[in-house]
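Trainee: Just dropping this structure here.
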Amino acid sequence: MNPVLVPTNDVNSEHGILVMWFADDGAQVEKDELLAEVETSKAVLEVVAPVAGVLLHQAGKGAEVPLKQPIAMLFDDLAARDAYLASSLREAAERPAEGPRATVKAVQRAAELGVDLASLGLDRLITVKDVEAAASVSVAAPAPADLPAPLAGAPGRQRILIIGAALGATQVLDILAGSTTQQAVAIVDDDTSRWGAEVHGVPVVGGSGRLTELFAAGVFDAAIIAIGKSPAVRAKFRGVCEQAGIPLANAIDPTAKIATDTQLGQGNIICAFCHVATGVKVGDNNFFSAYNSFDHHSVIGDDNATGPSVYTSGKVTIGNRTRFGTGIVIEPDVVIGDDVAVASGAVLTASVPAEHVVKTKIVTTTVVPLRR
């Protein structure tokens, strides 16, 4: 049995999205055959077979996968694969029928540490690292009654609750720091290790399960989803807010240039030095990193996320839930469908259909000592 790992040296990403399988579950594959593509926050990575064998998928298309865990296994023959599956089924039968999805090792580690897997609230495959992280904060995590209260907010300002306490929150808070009309008063995050902490002076008051309660209590006026890596997660929380009747607010850096006739939806994050030109239509809940430029009469949908320096020419159409890397150029009249991922450095001269990936060739750079 041989594990199939995602080849990456991206130290900033712990998880990726399994965008596409090119080999079916149970297929006989050859060494170096292309098996799958995984998207991280920085690149789209090709996964090839380390050896020849019979393939067993460990995750489905669209799943969030830990980069240090195998996404598949390869077996010498079909009999070995079937024996492994039978053993896994026996182990699964010993777990609760409606329990969360977890690796066998994670289930064993949870039993050792006394961690309830259901309490983690993760909608992906739970790993040993998740279990150990939960165990490390189980004693220190504050009870809801011990969590900090939201800030009061200055009179006359729109009080903002931020969803997500990671690096995206620091970007939103930097934008709001110079605002005279908006003020962040609270942050929610489903990572319990962040509860009770502060991000740039704004308290993390619990998880997203408190959204409805806090809004009903009148402690904030609108929310901003500060999650930049996953359009799917952005879309999920937009749906949560819509169901609860919580409006979304825009966060626009004062250095951004927005044309007077731009049609701009709600919940958009527009970072420093962005340019949105005349006639552009922007939907809801997009995250535009610094130095993006969308030229005249382009149309952008909902729940999209970009890296820095994404440039479109005029009359470009971008769908929903797209993910762009860094340094991307899009020619005029190109149409990009829903759920597309575009790797850093791409130059798009033709349209991209929905649920496709645009790859760029990864060039290896060699670092050598400076000659003096």
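To keep it simple, each residue is scored yes or no on (1) modelled with pLDDT of 80 or more; (2) in a helix (DSSP H, G or I).
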| site | (1), (2) |
| --- | --- |
| 56 | yes, no |
| 80 | yes, yes |
| 84 | yes, yes |
| 91 | no, yes |
| 96 | no, no |
| 100 | no, no |
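Trainee: Could I ask something else about it? Considering 158, 171, which residue is under 30 Å from residue 255 (Cβ atoms), polar (S, T, N, Q), under 18 Å from the mean Cα position of the chain (by Cα) and at pLDDT 90 or above?
Mentor: 171
Trainee: Output the number of the condition that residue 6 fails; it satisfies all remaining conditions of (1) closer than 30 Å to residue 166 by Cβ; (2) in contact with a His (Cβ under 9 Å, 6 or more places away or on another chain); (3) modelled with pLDDT of 85 or more.
Mentor: It fails just one condition, (2).
Trainee: Could you check region 196-218 and list, in sequence order, the residues that are assigned to a loop (DSSP other than H, G, I, E, B) and in contact with a helix residue (DSSP H, G or I) (Cβ under 9 Å, 6 or more places away or on another chain)?
Mentor: Filtering region 196-218 for residues assigned to a loop (DSSP other than H, G, I, E, B) gives 196-197, 200-201, 205-207, 217-218.
Selection gives 196, 200, 201, 205, 206, 207.
Trainee: Considering only residues that are β-branched (Val, Ile, Thr) and in contact with a strand residue (DSSP E or B) (Cβ under 6 Å, 6 or more places away or on another chain), which ones fall in region 171-180?
Mentor: Selection gives 172, 175.
Trainee: Same structure again: Take the residues in region 246-263 that are touching a residue at least 60 places away in the same chain (Cβ under 8 Å) and part of a strand (DSSP E or B); name whichever of them is surrounded by the most Cβ atoms within 10 Å (Cβ to Cβ).
Mentor: This residue is 251.
Trainee: Something else: Give just the number: which of (1) free of Cβ contacts under 8 Å to residues at least 24 places away in the same chain; (2) farther than 14 Å from residue 150 by Cβ does residue 228 not satisfy?
Mentor: Status for residue 228: all satisfied but (1).
Trainee: I've got another one for you. Give me the residue from region 157-178 that is touching a residue at least 24 places away in the same chain (Cβ under 8 Å) and more than 24 Å from residue 235 (Cα to Cα) and, out of that set, surrounded by the fewest Cβ atoms within 10 Å (Cβ to Cβ).
Mentor: 178
Trainee: Then there's this: Check whether at least one residue in region 12-21 is among the aliphatic types (A, V, I, L, M) and at pLDDT below 80, and report yes or no.
Mentor: Checked region 12-21: no residue is among the aliphatic types (A, V, I, L, M) and at pLDDT below 80.
Trainee: Six or more apart or on different chains, Cβ under 7 Å: which pairs go from a residue in region 334-350 that's at positive phi to one that's in a loop (DSSP other than H, G, I, E, B) and among the small types (Gly, Ala, Ser)? Could you list them?
Mentor: Hits for this filter: 339/354; 345/327.
The values are calculated or read from the model by the stated rules, or taken from the named source; none is laboratory data. Being a predicted model, the structure only gives us computed values, none of them experimental. As a convention, Cβ positions derive from the backbone with ideal geometry for all residues, glycine included, and neighbour counts pool all protein chains shown.
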